[in-house]
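Chemist: The structure is given below, and queries will be raised subsequently.
The values are calculated or read from the model by the stated rules, or taken from the named source; none is laboratory data. Note that the structure is a prediction, hence the values are computed from the model and not measured. No Cβ is skipped: glycine too gets one built from the backbone with ideal geometry, and neighbour counts run over all protein chains shown.
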Amino acid sequence: MAGTIQADFLQPQSSAGLSILNPSGNTVMASVNSAGIFSSTGSLLVANTGNVFSTGNVTASGTVTAANVTASGVITGNTITSSNTIIATNISDGANTTSMTNAVLGSAKAWVTFTASGSTTVNKAYGVSSVTWNGTGQYTVNYTNAFADTNYVCLAMADGYSGSYGLICSVDNIYSSNTQFSTWKNYSSSGVNSRSDAGYYCGFVVHK
Amino acid sequence: MAQVIIHTNSNGGVSVTMPTGELPIEQVQAKDTPEGSIIIDSSALPQGNDVIYFEAWELHGSNVSVNISKAKIIHTNEFNLIAAAAHQTRLSNTAIGLSNSTDDTTWSNNIVSMRNAIANTTTISELVAIGFPKP
């Protein structure tokens, strides 16, 4: 079959599932509900807010696009896109597989790199709305969206003005909407510390 | 030029908030800074040696300037820490048979001289030029 299949609703009557072999076309539907395996050699495009449900596998050689993609079996596509949620137990690149729990909990929830000296510059960030320079070596990282609680892990590393000495980082206060931390230099011979600006580099990462 | 948000903090100094670009700066101002904060170009902030004395910055209207009296206190505190560290290094050098830059009397007199210079300075550039003690 060549071309594009378009239907408001397509449901196979048997548990054997539904296969659409259309190498040159796509399958476009409002929703897909398959009791068996659904497969397409083209792309599976579920229009608008439609969903894909399958008690078997969902397979497409092209792109799988839907609001929600849920299958009891394996979901396979070159690209799987959802404007809402893709629910899966595992995720794989075809060679390596990891649990979705690992992917969700193991990924950084926010990070930022910045310098605070003559050029107060944020280099790159994710999940961070701003960094406030409160005093010498004293910073507040403000999150774009506040966390539900303060049970998160934050790590920081910093370098001083010339890049010739590293700084010690310490957390001052942890809130759901921001974290306050300090960077210190160490006068090692006397054991005396004082705050010092991360004028060369500062990186801050949050895991939750 | 990037814009930043500034406000006078609880220590009487200036806090500088740098937006990351994830949200519009006006939204960051409302969310991350207190009422009364203002948006300025970062180029309007003190530059060069003035940055060393960040905690001596003061906000007057929309202008940020360096309070030389506060800067002298900051320099003195740092001076004392470095002097103490240098003194420890001198003691260690003596204990392990290494030579110091000067004899103890000359070194102590130099410390006093530098401290007096800090007290008498009137500009940031003079303050920076005084520097810090070495072992």
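Chemist: Working only within segment A:93-116, note down all residues that are surrounded by fewer than 17 Cβ atoms within 10 Å (Cβ to Cβ) and either modelled with pLDDT under 85 or of a type in the set (Asp, Glu) (or both).
Modeler: Residues satisfying the conditions are A:ASP93, A:GLY94.
Chemist: Got a sec? Which of B:SER92, B:SER37 is over 21 Å from A:ALA198 (Cβ atoms) and surrounded by 16 or more Cβ atoms within 10 Å (Cβ to Cβ)? First the steps, then the outcome.
Modeler: On the way: B:SER92 fails: surrounded by 16 or more Cβ atoms within 10 Å (Cβ to Cβ).
Exactly one of B:SER92, B:SER37 is over 21 Å from A:ALA198 (Cβ atoms) and surrounded by 16 or more Cβ atoms within 10 Å (Cβ to Cβ), namely B:SER37.
Chemist: Moving on. So which residues in segment A:117-171 are surrounded by fewer than 16 Cβ atoms within 10 Å (Cβ to Cβ), within 27 Å of B:ILE39 (Cα to Cα), among the small types (Gly, Ala, Ser) and at pLDDT below 90?
Modeler: A:SER119
Chemist: Hey, another quick one. For segment A:111-153, name all the residues that are under 16 Å from the mean Cα position of the chain (by Cα), assigned to a strand (DSSP E or B) and within 10 Å of chain B (Cβ to nearest Cβ).
Modeler: Across segment A:111-153, the qualifying residues are A:VAL112, A:LYS124, A:ALA125, A:TYR126, A:VAL128, A:TYR143.
Chemist: Can you name the strands (runs of 3 or more DSSP E) wholly within segment B:36-113 that have at least 1 residues being charged (D, E, K, R)?
Modeler: The strands (runs of 3 or more DSSP E) meeting that bar are B:38-41, B:57-60.
Chemist: If B:THR17 satisfies every condition in (1) under 23 Å from B:LEU127 (Cα atoms); (2) without any contact (Cβ under 8 Å) to a residue 24 or more places away in the chain; (3) among the β-branched types (Val, Ile, Thr) but one, which is the exception?
Modeler: It is condition (1) that B:THR17 fails.
Chemist: Being within 10 Å of another protein chain (Cβ to nearest Cβ) and either modelled with pLDDT under 95 or farther than 19 Å from A:ALA146 by Cβ (or both) is the filter here, so list the residues in segment B:1-17 that pass it.
Modeler: As a first pass, look at segment B:1-17 and keep what is within 10 Å of another protein chain (Cβ to nearest Cβ): B:2, B:4-7, B:9-11, B:13-17.
Within segment B:1-17, B:ALA2, B:VAL4, B:ILE6, B:HIS7, B:ASN9, B:SER10, B:ASN11, B:GLY13, B:VAL14, B:SER15, B:VAL16 qualify.
Chemist: Now for a different question. Go through segment B:75-92 and give me each residue that's β-branched (Val, Ile, Thr) and facing chain A (nearest Cβ under 8 Å).
Modeler: Start the filter on segment B:75-92 by keeping residues that are β-branched (Val, Ile, Thr), which leaves B:76, B:82, B:89.
Within segment B:75-92, B:ILE82, B:THR89 qualify.
Chemist: Against the conditions (1) under 15 Å from B:SER15 (Cβ atoms); (2) at pLDDT 95 or above, where does B:GLU55 fall short? Just the number, please.
Modeler: (2)
Chemist: When you check B:GLY12 against the structure, is it touching a residue at least 40 places away in the same chain (Cβ under 8 Å) and in a loop (DSSP other than H, G, I, E, B), yes or no? Let's see the steps before the verdict.
Modeler: Details: touching a residue at least 40 places away in the same chain (Cβ under 8 Å): yes; in a loop (DSSP other than H, G, I, E, B): yes.
Yes, satisfied.
Chemist: Please go through segment B:27-45 and give me each residue that is β-branched (Val, Ile, Thr) and facing chain A (nearest Cβ under 7 Å), ordered by number.
Modeler: B:VAL28, the sole residue that qualifies.
Chemist: Same structure again: What number of residues within segment B:89-112 are β-branched (Val, Ile, Thr) and within 16 Å of B:PHE132 (Cβ to Cβ)?
Modeler: 4
Chemist: Out of A:SER170, A:SER176, A:SER92, I need the residue that is in contact with a Phe, Trp or Tyr (Cβ under 6 Å, 6 or more places away or on another chain) and more than 21 Å from B:VAL51 (Cβ to Cβ). Which one?
Modeler: Going through A:SER170, A:SER176, A:SER92 in turn, the sole match is A:SER176.
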